[in-house]
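Below: the structure, in structure tokens.
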Amino acid sequence: MAQALSDINSPGRNTVKRTTSRLKSKLYRWEDKPKIPCAPASSPAGQKGVQDCHLFWGCIVGHDSIAIVDFGGMFAHLFATKVRRLKVLAEIRQPDDPVEAFQGFKGVILVGGPGESQGFDKAIFGLDVPILGCGFGHLEMARFYGGSVGPSPLSWGHSDLKIVADHPLVDGFVGPVWSSQQDVVTSVGPEFAKLAATVCKNGDLLPFTAVASDKLRRYGVQFHPEVDDTVDGDKLIANFVLAICGCKPSWTMETYLEQQIAAIRQQVGDQSVFLLASGGVDSTVAAVLLRRALGPDRLHLLHVDNGMMRKNESANVLDMFRRFDMDHNLHFVDATDTFLTALGDEVEPEKKRKIIGNTFISEFERIAKELGIERHLLGQGTIYPDTVETGANKGAQTIKTHHNRVPVIDQMIAQGRVVEPLADLYKIEVRELGELLGIDRELLWRHPFPGPGLGVRLLCSDGKVDVNEIAAIQQEVDRFIAKKGTVNMQFLALPIKSVGVKGDRRSYEHPVMISGGANWDEVANLADELLKTVPGVNRCIWNLGSHAPKSVELLPATMTRARLDLLREADHIVMDGLRRHGLYDDIWQCPTALVPVKIDNAGQELCIVRPIHSERAMTATAASLPPALLKELADKILALPGISGLTLDLTSKPPGTIEWE
């Protein structure tokens with residue numbers, strides 16, 4: 001049972017009545033779209049859900065808008081974000097929407113997915129507006145207009161680009177580009193001209209990387225211009241949206257804030273909201289936004305210590321809320337025992353995440369009942385990456401289930417019991433909104449911390465190893481190294497698995513530990529090449545110990561207080577080191593994880609430090625740390641009891657997710 005509830009302030013009681021609105025899934029069909037008047041105060045949130053409201057405004061209040069057709073990949077909303085940052089509205093549409101759904105848009109972007117589209121209405125190609133196909137959309141467009149498609153010689157990652165013709169689409173665009181592809185366009189219809197080619201490692205060109213037909217007003221690119229890893233990708237998007245489609249930039253974050261406040265009021269009505277407040281960026285911005293929309297008396301905040309928080313985290317969060325005058329109706333519960341009991345001996349990552357998510361909700365309902373506010377709506381600081389990795393879009397694969405996207409939450413959403421005002425925003429936009437709301441920079445620029453906390457950074461295992469699988473991977477690794485010639489490093493496949501993403505699909509594969517190497521660049525470049533070449537591997541980690549391991553052994557381990565305390569201490573050392581070396585603000589996020597691996601018959605936990613650079617969490621690159629900090633971390637963490645080794649994660653996203661689980 002959870003320990004006693006502690007109220008920071010006595011909760012105010014509000015008379016509430018059951019809402020008559022129904023919060024539908026964001027994956028609505030065109031025929032569900034409500035008929036609404038043309039004023040922000042009449043937001044469709046009551047009918048469609050607060051997280052959908054801003055997607056309608058392009059046609060409602062006179063803003064030019066672009067339709068993003070989502071074939072189920074991870075990047076449709078990232079495209080929408082990039083369009084919105086041009087101050088142009090973007091609305092997410094589904095591939096089976098009828099062509100009437102696209103009336104009023106200035107242009108359409110087809111964004112690809114991991115598999116073949118079902119029910120794609122090709123009548124969209126009859127629209128008299130510019131259409132840009134990206135990835136899968138590029139392939140579909142080529143097929144429709146008489147071209148052909150074949151297997152790609154490239155995998156995910158960066159490629160150099162060669163511009164072969166001047167055109168407004170590629171004006172000022174040089175690359176390199178980032179791709180995640182299994183197929184490529186091998187020929188195009190007679191109306192299309194080649195604009196750019198991809199340069200393969202052997203010097204060959206893939207000639208149809210970017211194509212255009214001004215007569216048809218159809219354009220295609222094989223790569224992902226929307227991800228930050230494509231240099232000048234924003235320029236290409238701007239060329240299409242502003243120059244080719246002729247959109248006028250008129251939509252701002254101030255507009256979004258005004259409309260979200262109206263949407264919250266529309267959905268909540270005369271009810272109140274009970275928000276799960278972790279103290280992280282997302283839940284804090286959601287809390288301030290909800291308080292502005294509803295007032296302090298109609299918002300209750302609940303901070304739950306699930307036993308998987310960072311060192312002193314709950315005390316610091318409660319103090320932070322007090323210092324920034326957010327402690328009205330603030331409640332706290334230490335539910336460590338409840339969560340650890342619920343997790344029990346579970347070791348599978350997806351099941352762990354779902355147990356944590358379900359336990360959060362059961363605690364929320366229990367405490368709400370104690371406070372007499374069980375009819376309040378549930379508020380969450382959900383942001384878009386939480387939903388896209390859970391596979392919330394049609395055709396999207398589940399990469400990992402986030403605690404705020406477990407089935408019980410989906411049921412509550414369908415019942416109109418959840419308020420998520422940030423669900424279509426990325427972290428960078430949440431911070432921008434927070435600044436507009438006047439939130440202190442100290443709160444906004446904390447490193448992201450997952451809702452399940454250290455629960456997704458403490459890997460568990462039943463101790464069973466597929467010896468044949470590990471041997472086969474090691475053989476492939478050895479073959480790869482042999483082809484590289486003289487390499488003064490050891491490469492060892494480890495008997496643990498972690499979650500990753502390849503080609504918009506979830507992977508659950510092994511890491512390879514690299515020992516030796518003169519410097520970061522040498523090791524990181526070799527790791528990147530290995531990850532693209534060797535099957536069954538989705539991470540490479542760099543051994544920071546003094547010698548290469550001779551043996552590794554996977555140990556059975558579950559979620560326990562002792563293991564969590566050890567991880568808390570290691571994580572504290574890493575965070576403290578980043579701050580003292582002036583690197584905290586330069587690193588976007590730096591998870592520290594433990595895996596139950598014995599090395600050379602010593603220790604029980606291998607520690608992994610994962611510093612990354614990112615903006616929106618959809619992609620990420622591994623960040624290097626200075627030698628002085630690495631030595632300091634090695635001295636301190638390797639001295640902790642039970643630590644068998646220390647490594648630095650060299651993996652980009654993809655193929656590795658930011659968190660190990």
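The values are calculated or read from the model by the stated rules, or taken from the named source; none is laboratory data. What you see is a predicted model, and the numbers here were worked out from it, not measured in a lab. Don't worry about glycine lacking a Cβ; one is built from the backbone with ideal geometry, like all the others, and counts go over all protein chains shown. Please note that ligands, DNA and RNA were not included when accessible areas were found on the heavy atoms of the full protein model with its side chains. Shrake-Rupley method; radii C 1.70, N 1.55, O 1.52, S 1.80 Å.
For this structure, a couple of remarks:
- Condition met for Leu638 (closer than 30 Å to Arg85 by Cα and modelled with pLDDT of 95 or more): no
- Residue in region 319-334 that is in contact (Cβ under 8 Å) with a residue 40 or more places away in the chain, over 17 Å from Leu443 (Cβ atoms), of a type in the set (Val, Ile, Thr) and in contact with a strand residue (DSSP E or B) (Cβ under 6 Å, 6 or more places away or on another chain) present: yes
- One residue alone among Ala243, Ala238, Ala196, Ala165 is modelled with pLDDT of 85 or more and assigned to a strand (DSSP E or B), and that residue is Ala196.
- If you check Ser624, Ser644, Ser614 for being touching a Gly at 6+ places or on another chain (Cβ under 7 Å) and among the polar types (S, T, N, Q), only one passes: Ser644.
- Candidate set: region 576-599, residues that are open to solvent by less than 50 Å² (accessible area, probe 1.4 Å) and assigned to a loop (DSSP other than H, G, I, E, B); chosen: the one modelled with the lowest pLDDT: Trp588
- Every test in (1) assigned to a loop (DSSP other than H, G, I, E, B); (2) on the phi < 0 side of the Ramachandran plot; (3) more than 27 Å from the chain's Cα centre (by Cα) is passed by Phe223 save one, and that test is (3).
- Some residue of region 286-293 being free of Cβ contacts under 8 Å to residues at least 40 places away in the same chain, over 30 Å from Thr338 (Cα atoms) and open to solvent by 20 Å² or more (accessible area, probe 1.4 Å): no
- Hey, Gly269 open to solvent by less than 10 Å² (accessible area, probe 1.4 Å) and closer than 26 Å to Ala423 by Cα or not: no
Conditions tested, residue by residue: (1) of a type in the set (Lys, Arg); (2) more than 27 Å from the chain's Cα centre (by Cα).
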residue	(1), (2)
Val465	no, yes
Lys483	yes, yes
Val487	no, yes
Lys497	yes, no
His510	no, no
Glu529	no, no
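- Restricting attention to region 220-238, the residues that are open to solvent by less than 10 Å² (accessible area, probe 1.4 Å) and either farther than 15 Å from Pro168 by Cα or not aliphatic (A, V, I, L, M) (or both) add up to 7.
- Test: residue in region 315-332 that is under 25 Å from Leu459 (Cα atoms) and crowded, with 18+ Cβ neighbours inside 10 Å: no
- Test: Ser644 is touching a residue at least 12 places away in the same chain (Cβ under 8 Å), assigned to a loop (DSSP other than H, G, I, E, B) and among the polar types (S, T, N, Q): no
- Annotation: Glu365 fulfils all but one of (1) open to solvent by 30 Å² or more (accessible area, probe 1.4 Å); (2) modelled with pLDDT of 90 or more; the unmet one is (2).
- In region 412-489, counting only helices (runs of 4 or more DSSP H) that sit wholly within it, none holds 2 or more residues that are small (Gly, Ala, Ser) and open to solvent by less than 30 Å² (accessible area, probe 1.4 Å).
- Qualifying positions in region 314-334 - aliphatic (A, V, I, L, M) and touching a Gly at 6+ places or on another chain (Cβ under 7 Å): Val317, Met320
- If the condition is being under 21 Å from Asp183 (Cα atoms), β-branched (Val, Ile, Thr) and crowded, with 20+ Cβ neighbours inside 10 Å, then region 498-537 contributes Val501, Val534.
- So Ile409, is it at pLDDT below 90, in a helix (DSSP H, G or I), open to solvent by 10 Å² or more (accessible area, probe 1.4 Å) and β-branched (Val, Ile, Thr): no
- Here Ile573 fulfils each of the conditions (1) open to solvent by less than 20 Å² (accessible area, probe 1.4 Å); (2) within 28 Å of the chain's Cα centre (by Cα) apart from (1).
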